[in-house]
Structures are given as structure tokens and as C-alpha cells.
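What follows is one structure encoded as C-alpha cells, with my remarks underneath.
The values are calculated or read from the model by the stated rules, or taken from the named source; none is laboratory data. The structure presented is a predicted model; accordingly, all values stated were derived computationally and were not measured. Cβ atoms come from the backbone with ideal geometry, glycine included; neighbour counts cover every protein chain shown. Keep in mind that these areas ignore ligands, DNA and RNA; they rest on the heavy atoms of the full protein, side chains included. Shrake-Rupley method; radii C 1.70, N 1.55, O 1.52, S 1.80 Å.
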Amino acid sequence: MIFTGLILGGLNLTAQTDISKEYKVKAAFLYNFSQFVDWPAEAFPEVRAPLVIGVLGEDPFGAYLDEIVRGEKVNNHPLVVQRYRRVEEIKTCHILYVSQSETNQLEQIFTSLKGRNILMVGDVDGFTLRGGMIRFVTEKNKIRFRINVEAAKAAKLTISSKLLRPAEIVAPGKD
């Protein structure tokens with residue numbers, strides 16, 4: 001399992017000044033999230049359909065996200081990465097990273113995807129307050145994450161206690 005240790009308390013970024021390193025860590029988290037979330041059967045059109053990690057808006061990960069998931073499977077679902085310019089392009093998606101470029105579109109994105117089994121992840125202020133499920137935060141040079149469990153339950157997603165343990169759980173209406 002790649003970067004499993006990242007889940008156990010964040011990664012110290014003290015020696016890392018390149019912003020791309022921040023997104024390499026976040027890409028590793030996205031991959032790890034796929035292993036600690038259960039989607040309902042109806043989220044997959046076929047038994048061996050791919051588990052799609054999507055990026056909406058500007059892509060801060062480049063090819064690195066593709067490299068991390070290449071050849072990997074979760075519960076017999078091969079992992080694939082899709083990139084979307086607009087929310088209307090999203091057909092099948094399981095984990096959606098909402099880029100900072102979409103900050104002004106969050107309400108439209110959450111409204112358009114409401115009721116779908118998509119784990120929505122972002123790193124902008126107010127992300128979990130406005131309906132997102134996981135928000136990356138940088139505290140004391142470490143990348144951590146906050147989880148809105150109620151938003152995940154509303155999307156029929158089950159988050160493992162192994163993922164909840166190192167996270168900060170936010171109450172509905174909090175960020």
C-alpha cells in the first residue's frame with residue numbers, strides 16, 4: 001500500500017518548499033481515500049467497473065496522480081483518473097477533487113452532484129461547511145484533513161474508522 005503512513009498523522013512539509021510536493025502528498029491521500037471508503041453497489045455500473053478519481057477544474061497534480069494509481073485496484077475495481085472542465089461532464093465518478101479554481105462554483109457543483117455517491121474532496125476555506133466531505137488543511141507545516149461525516153452519509157458512503165481516526169471530524173455547518 002503506497003503512502004499508508006501519510007494517513008497516520010499528516011506529512012511534515014518543513015523541508016518541502018515546492019508547491020508540487022504539497023500536491024504529491026494530496027494525490028497520495030486521494031489514492032488512500034479509495035481504500036478506506038465503501039461505496040454502495042449502485043455506484044458501479046458493473047462488478048469490475050473502474051473506481052474513478054476525478055479532478056474538476058485546474059489540475060494541480062499533473063501526471064503524478066495517474067502514476068500513483070496506475071495498475072492499482074480497490075476491491076477488484078481498477079483505479080482510473082478523469083479530468084473535468086465542468087461539472088456537467090461528470091458521469092461516473094467516485095472521488096472528486098474540486099480544484100481551487102472552482103471556488104466560486106462550489107454551490108453549483110454541490111447542487112449538481114447532490115444525491116450521487118461521490119466523495120468530494122477539496123482544500124478551500126468553507127469546503128465542508130458548504131457540502132464537501134473532506135477538506136485538506138495545512139497546520140504547522142503538515143497536511144491534515146477534516147471530514148464531514150454527515151455529508152458522506154448523505155451520499156451513502158461509509159468511511160472506515162481507520163480514516164476517521166487521524167481526521168478532524170467536523171459537525172454539520174462547520175469547516
Residue in the range 63-82 that is least open to solvent (accessible area, probe 1.4 Å), counting only those that are out of contact with any strand residue (DSSP E or B) (no Cβ under 8 Å at 6 or more places or on another chain) and of a type in the set (A, V, I, L, M, F, W, C): ILE68
Single residue of the range 124-148 satisfying the filter (outside any strand (DSSP E or B) and open to solvent by less than 20 Å² (accessible area, probe 1.4 Å)) that is nearest to TRP39 (Cα to Cα): MET133
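Between ASP59, ASP38, which is out of contact with any Phe, Trp or Tyr (no Cβ under 6 Å at 6 or more places or on another chain) and farther than 20 Å from LYS156 by Cβ?
On the way: ASP38 fails: farther than 20 Å from LYS156 by Cβ.
Step by step, each of ASP59, ASP38 is checked, and only ASP59 is out of contact with any Phe, Trp or Tyr (no Cβ under 6 Å at 6 or more places or on another chain) and farther than 20 Å from LYS156 by Cβ.
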Subset tally (residues that are open to solvent by 50 Å² or more (accessible area, probe 1.4 Å), free of Cβ contacts under 8 Å to residues at least 60 places away in the same chain and either part of a loop (DSSP other than H, G, I, E, B) or over 23 Å from GLU102 (Cβ atoms) (or both)) for the range 149-163: 2
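Tell me, which strands (runs of 3 or more DSSP E) lie completely within the range 1-110 with 3 or more residues that are in contact with a Leu (Cβ under 7 Å, 6 or more places away or on another chain), modelled with pLDDT of 95 or more and under 25 Å from ARG130 (Cβ atoms)?
Answer list for the range 1-110: 51-56, 95-98.
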